[in-house]
Every structure is written in C-alpha cells, then in structure tokens.
Amino acid sequence: MVGLPPEGDDLDALAAGAGPSPADAAPDRHERALDRYLASPRYGERWGRHWLDVARYAEDHPTSEATCVPPRFPFRYRDWVIRAWNEDLPYDEQVRRQLAADLLDVRTTAPDQLAALGFLGLSPVYHKEPKLAADVIATIVADEWDERLDTVTRGFLGLTVACARCHDHKFDPVRTEDYYALAGVMASTQPVEWPLESVPREAAEALTEVQRQIIDTQLRLDYAKKHRDTAKRAGEDLAAHETAVATVDAELKRLKAMALYDGPIANAVRDAGLWLNGQDPAWTYLDFRPGQPRNLPVLVRGNANRHGPMVPRRFLEVLSPGAVPLPFPGHTSGRRELAEAIVTHAGPLAARVIVNRVWAWHFGEGLVRTTSNFGQLGERPSHPDLLEDLAARFVAHGWSLKWLHREILASRTWRQAAVANPADPDNRWLAGMSRRRLDPESWRDTVLALSEQLDRTPFGPSGKLDDPAFRRRTVYGVVSRQKPASLLKLFDFPDAKQHSERRIATTTPLQHLYLLNSDFVHQAAERLAARCRPAIAQHGEPPSNAAPSADTGPDAGPDAGPEAGPDAGPDAIRDTDGVEWLFRRVLQRPPTADELAEALALIAADAVAATPRADAKAKTSPAANAAELAERRELARWTVLAHALLATTEFLYID
C-alpha cells in the first residue's frame, strides 16, 4: 500500500495478532492496519505512481530540438496526482479535473487544481521544423492529436479509438467520424503554462504567448546567423545579413526582458484552436487562436492533406444515449463535455476500467488482462460477475478509490499465500496469490529505507535518479522520454512516450549483475551492516523488530530453529544475533537452521578478510593501524551478508 517495508509494530501485529495497542489484537486487526496505511501520506506516493504510467508522465519530450522545449514545471502534475490519491478525491472528479479543470468552478475557487491539466499539458510534443512545408507539419500535428486522443480513450475508457483514424474500427463499433469528432477536441486544446493563483487573464496568457514568441524568434535568429555565415564563406556582401541578425537579436532580447508572472506555475492546457499558417513559403507558423475551437474534417485514409466531410465535436456514438450524441458547444473545445460524458454516459465502462486497473496493480494482472482494451480484441474477464459487482459498488460508494482498496484487501482472495496450483498454472482462477517482482520504485525505496538513507521529503522539483546523492523516493525522480535513468531502464520501467497499460517484467543477466556490482547496492549493504553491529552489541538480546515464527516459536520442535547452544562462546552468540537481525530486517523472517549455518560460514572472518573489496578498503588510508584494519574487516564481513540478502530472489519478490 505504501511501497515501503513494514515497520516493526505493524509487522508484529499482523504476524502475531498483537500490536502496540489492545485494539490490534482484535479480529479486525488487518483492517485497522490497512486504514493506517491508507491514511499515510506514503500511500499517494505509491499509488499515484501507478496512475502516472497511465498518464505517460514525463519531464521532457521524445526529442530535444528547439521546438520541443521541455516543460518547466512538470512536477506540479505529479504532486497533484499524489495529493488527489491521498485525499481520496473521487475518481469521477479526477477525470473531470484532469481533462477540464480550467473550465470548472475550481478554476476560481481552487486555482491550484489547474495542475491536474498536466494530464494533457505534458503530452509528448514532436519536432515541427518551421522551414518545412505546411503539408508536412500537418501530419506531425495530426500525430500529436492522435497520441492525446489515444491516451484519453484507452486510459479512461479502455477503448482503442485511435484505430479508427484511417478507417472505421475493424472490430469495435467506432466509426472514423467518431475519431475525428474527438480529435477536434484535441485540435482545440493548446498546451500552455498557467498560474496556480488568481491573476489577471492577460498576465496568465502572456506566460504562454511570450514563451512561444521567444522560441520562434530564437529559431529565426539561428537561421539568420547561418545565412550570414554562408554568405561570408561565399564572399558576398554581409550588410543585409548583419542587419537581419541585429533586428532579430534585438527582438529576442526585448522578449526575454519582459516581466512575466513568477509565482507558482503549472503546465496545463487552454481552449485554443490550432491552424497552420503557411502563407510564408519559407516559414510555417502554428496559429493558435484562444477561445476559437475548431472542428476537423475526416482525413481520408489518415492523410492530413486529404480532407473529407467536416465532423462536429461530440462524444462516441456507441456510448451516447440512443446512439445519438449531441454536438459539443461551439464556443468551447468540448473538454468539459467529454469528461462529463466519460463519467456519466460511459460511467459504467469507465468504472469497470479503473476497478480493473486497481485490481491489476494489486494482483499483477487484471480480471481483464488487457487493462486498456475492453473491446473485441481484448481478453474476456476471468470473473465477469465480480468485475460487475465491484464496479457497481465502487460508483455507489462515491467513486472512492480508498473504499475499493479496502474491499479488495479485506478479501480472502487477496490474503492468500502465493502457492502454485497445478490445476491452474496461470492462476487465472485465483486459487492463490501470484508472485510479483517488486517494481523498481518499491525496490529502490525499500533498499534506501532498510539502510536508513531514505529522504522522505514530499513534493517539489525532481532529482536525478542516477545521482548517488539523490535519496528521495523514486516517484520524485526525473522521468525522461529521451534518456531514462539507468535503474528504471534496466528494470522494465514503461516507455513514457506513450500510454502504458501494464508493466512487463523481464529477467536479464544485466539485472543480476547490477545487484551484485552496483555501488548503490553495496553502499546500502554497508550501511545496513553498520546498523547491524549496534543491534548485537548486547549478547543474546533479540532484535527489536523480531516476530514469532513457526521456526523459532515457543512450541517449535528440536530441529525447528537455530540456537547458539550451551557451549557457544560470546562471538558465536553475537554472530547468531547479527544473522537473525539481518534476516528479520531484510526478509521479514528469521533464518532457518540451514540458512543460519550458511550465513555464519559466509561471515566467518577468515572467509572474507582476504576478499579484494574488504582488504582494499581497509588499505585506502595510510594511517590504518591494526585496530582500524580489524574494525573495517569486521564491517566488511557483515556487509557481505547484507549484500547477499539484498540480492536474493526472496527480497525481490512478494509472496
């Protein structure tokens, strides 16, 4: 629920049926623990990250040309998502605000909610070289509209409407006219920067207009300089070229010197139709017209330069009452009406889609495995009645996502162990829980938490995950469409260039080499080992977060668990305590007798003292004396065991 390892009290309460208060021994202790986690601010960080996959959240664009300037404030949307999940903002209201917050009352009553528009405002932008002909740029612009439409329809409705761009959908009841009716909404929506405070509209609009002019003028200046340099090499007269450069440069300086609003800003959208201005054969201009939406013609066979009949902006026919959708108002883009239609006319479908997503995020796969395709090519639900029931009650409970979590996690189905059933090898009938590998965010956060390095500071600008000094939760790391962080790329983080319906886990040799050789894991193991040593300073004292288990409980048999024995010396007792502490800390259980024996052999001083890493580190200081050398070797042997446990399959997987 929070993407972090359980703390000692919670672990004890769930494992033993007793906790920090008498109430935790009650039969509903599981539900009480769940309520604590749902109330934690860490819950939104964990579950907001799931939604960011759907929204293909990123902090740059697929390429880095001059017309693809990265958004300046992408983290505002990420922070809004985390807060929305923490506050249990009803899902239908989340849909409305992510598509049309600027057209709702919250624009004036709670302007900070405009950050929700990052769902569209952070859409990928493709390079549109202004020297290209308008016919060429028209295709690039149509691709951008297509990507946004695809994210909206697959993300909220589980429908592949984008398949109707060139022809009627081959399998689902979606006509080409449906596609261009919704594409007109995207063509009437402009990504902008917008203040998160109430300011005069002129000041708000200047943010976007001046930025666009700066980009356009910078491009013109670059070309003017290139023309001047070419003329210079050709030995031509440079006077006209120098004048052109000076004129454009002066305009650029004027634009950059303009005083603009400098308070909190979000990457959002506004109503503005887009037309291409190709009157100048040397320069194609993107003509956004605020407050002037547009309809699109059918683009025959998807060709942006072959126009068919005009299609008014409206909702999908198949999901409209009587299959007769009403046109969206002519004075707006239609985003507000689209959002309303998704959660009303298409509400039963939208509810099924989000319920199925949450189920998939809990169980590893949805009741419908194709979580973003509920059409004919999508898989049939394994438990259709269950999906219907959950979706209906989800809506009846006010579209509350926390209610949905409670309903799923309080069930016997979710609380099963991951035990394979030969009669159901794929576990489609949920005879047990499926084993799931930790996603890279939970794995990294857990490693940092166990080694007491995790910085839990919430919100704000992102940091670079490849920077060793960055120790905040992974959700606060930069997500790049161009150069993903090495850890994310290695462990199957989804491609943020497009909507992601699910994560696909792969197993590669590079992943295991990372666990064995990366400085990040070794440093965490060393910090964990340093924590282990004070924990065993008192011989025979049990670890503070110990929990009774079948292997070592008071009723265990003679071969059930490890004991130091009456003849064991102080060092043996200390080493046994240390091994048990590390196992309980990392794997949340005590070691078996065999594991204890193997661990004691691994940390034996004579087994690791000669290892290159231990001795090399011990010899780095010329002032090292015998006591310091012994201290470093002592730390090194516990580091070996901590590293081994962090690299185990058991640590990487949830049973």
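The values are calculated or read from the model by the stated rules, or taken from the named source; none is laboratory data. Computed from a predicted model, the values in this text were never measured in an experiment. For neighbour counting, all protein chains shown are included, and Cβ atoms are generated from backbone atoms with ideal geometry for every residue, glycine included. For the accessible areas, the whole protein counts, side chains as well, though only heavy atoms, and no ligand, DNA or RNA atoms are used. Shrake-Rupley method; radii C 1.70, N 1.55, O 1.52, S 1.80 Å.
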Point to revise | Filtered residues of segment 1-25 (kept if modelled with pLDDT under 80, within 24 Å of Glu87 (Cβ to Cβ) and either among the polar types (S, T, N, Q) or open to solvent by 30 Å² or more (accessible area, probe 1.4 Å) (or both)) | key: Glu7
Study note, to complete from the structure: Residue set Leu465, Leu430; condition aliphatic (A, V, I, L, M), free of Cβ contacts under 8 Å to residues at least 60 places away in the same chain, open to solvent by less than 50 Å² (accessible area, probe 1.4 Å) and part of a loop (DSSP other than H, G, I, E, B); output residue Leu465
Point to revise | His61 vs. criteria open to solvent by 10 Å² or more (accessible area, probe 1.4 Å), modelled with pLDDT of 95 or more and either acidic (Asp, Glu) or assigned to a helix (DSSP H, G or I) (or both) | key: no
Check your understanding: Does any residue in segment 629-655 that is open to solvent by 30 Å² or more (accessible area, probe 1.4 Å) come within less than 6 Å, Cβ to Cβ, of a residue that is assigned to a strand (DSSP E or B) six or more places away or on a different chain, and which pairs are these?
Key -> Tyr653/Arg437; Ile654/Arg436
Exercise for review: Pick out the one residue from Pro297, Pro329, Pro293, Pro312 that is out of contact with any strand residue (DSSP E or B) (no Cβ under 7 Å at 6 or more places or on another chain), touching a residue at least 12 places away in the same chain (Cβ under 8 Å) and not basic (Lys, Arg).
Suggested key: Pro312
Practice item. Could you give me the residue pairs with C-beta distances under 7 Å whose first residue belongs to segment 480-498 and is at positive phi and in a loop (DSSP other than H, G, I, E, B), whose second residue is at pLDDT 95 or above and surrounded by fewer than 20 Cβ atoms within 10 Å (Cβ to Cβ) wherever it lies, and which are 6+ apart or on separate chains? Key: none
Check your understanding: Given the structure, is Lys170 out of contact with any helix residue (DSSP H, G or I) (no Cβ under 9 Å at 6 or more places or on another chain) and free of Cβ contacts under 8 Å to residues at least 24 places away in the same chain?
Key -> no
**Study point:** Checklist (1) part of a helix (DSSP H, G or I); (2) more than 30 Å from Arg335 (Cα to Cα); (3) open to solvent by 40 Å² or more (accessible area, probe 1.4 Å); (4) of a type outside the set (Val, Ile, Thr) applied to Glu209, failing item
**Key:** (2)
Practice item. Might you check whether a residue that is closer than 24 Å to Gln498 by Cα, crowded, with 17+ Cβ neighbours inside 10 Å and among the charged types (D, E, K, R) occurs anywhere in segment 26-42? Key: no
Check your understanding: Which one is nearest to Ala58 (Cα to Cα) among residues in segment 227-266 that are open to solvent by less than 70 Å² (accessible area, probe 1.4 Å), out of contact with any strand residue (DSSP E or B) (no Cβ under 8 Å at 6 or more places or on another chain) and in a loop (DSSP other than H, G, I, E, B)?
Key -> Leu260
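Yes or no, residue by residue, for (1) closer than 15 Å to Arg72 by Cα; (2) in contact with a Phe, Trp or Tyr (Cβ under 8 Å, 6 or more places away or on another chain); (3) among the hydroxyl-bearing types (Ser, Thr, Tyr):
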site: Leu196; (1), (2), (3): yes, no, no
site: Ala206; (1), (2), (3): no, yes, no
site: Gln211; (1), (2), (3): yes, no, no
site: Asp222; (1), (2), (3): no, no, no
Point to revise | Matching residues, segment 341-359, being open to solvent by 10 Å² or more (accessible area, probe 1.4 Å) and of a type in the set (D, E, K, R) | key: Arg352
Check your understanding: Any idea how many residues of segment 277-303 are hydrophobic (A, V, I, L, M, F, W, C), surrounded by fewer than 19 Cβ atoms within 10 Å (Cβ to Cβ) and over 30 Å from Pro111 (Cα atoms)?
Key -> 3
Review point. Of the residues that sit in segment 325-340 and are hydrophobic (A, V, I, L, M, F, W, C) and surrounded by 22 or more Cβ atoms within 10 Å (Cβ to Cβ), which one is nearest to Arg313 (Cα to Cα)?
Key: Phe328
Revision key, fill the gap. Here the qualifying pairs (Cβ atoms under 6 Å; residues six or more apart or on different chains; first in segment 391-413 and open to solvent by 30 Å² or more (accessible area, probe 1.4 Å); second among the hydrophobic types (A, V, I, L, M, F, W, C) and in a loop (DSSP other than H, G, I, E, B)) come out as Thr413/Leu430
Practice item. Output the residues belonging to segment 166-192 that are open to solvent by less than 40 Å² (accessible area, probe 1.4 Å) and part of a loop (DSSP other than H, G, I, E, B). Key: His169, Asp172, Val174, Ser188
Practice item. Pull up segment 125-165, narrow it to residues that are small (Gly, Ala, Ser) and in a loop (DSSP other than H, G, I, E, B), then point me to the one that is surrounded by the fewest Cβ atoms within 10 Å (Cβ to Cβ). Key: Ala133
Exercise for review: Quick one: which residue in Ile408, Ile342 is under 30 Å from Gln292 (Cβ atoms), assigned to a helix (DSSP H, G or I) and under 26 Å from the mean Cα position of the chain (by Cα)?
Suggested key: Ile342
Exercise for review: Output the residue which, of all residues in segment 69-114 that are assigned to a helix (DSSP H, G or I) and more than 28 Å from Ala39 (Cβ to Cβ), is modelled with the lowest pLDDT.
Suggested key: Thr108
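Residue-wise test of (1) in a helix (DSSP H, G or I); (2) modelled with pLDDT under 95.
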site	(1), (2)
Val475	yes, no
Ala530	yes, yes
Ala537	no, yes
Ser544	no, yes
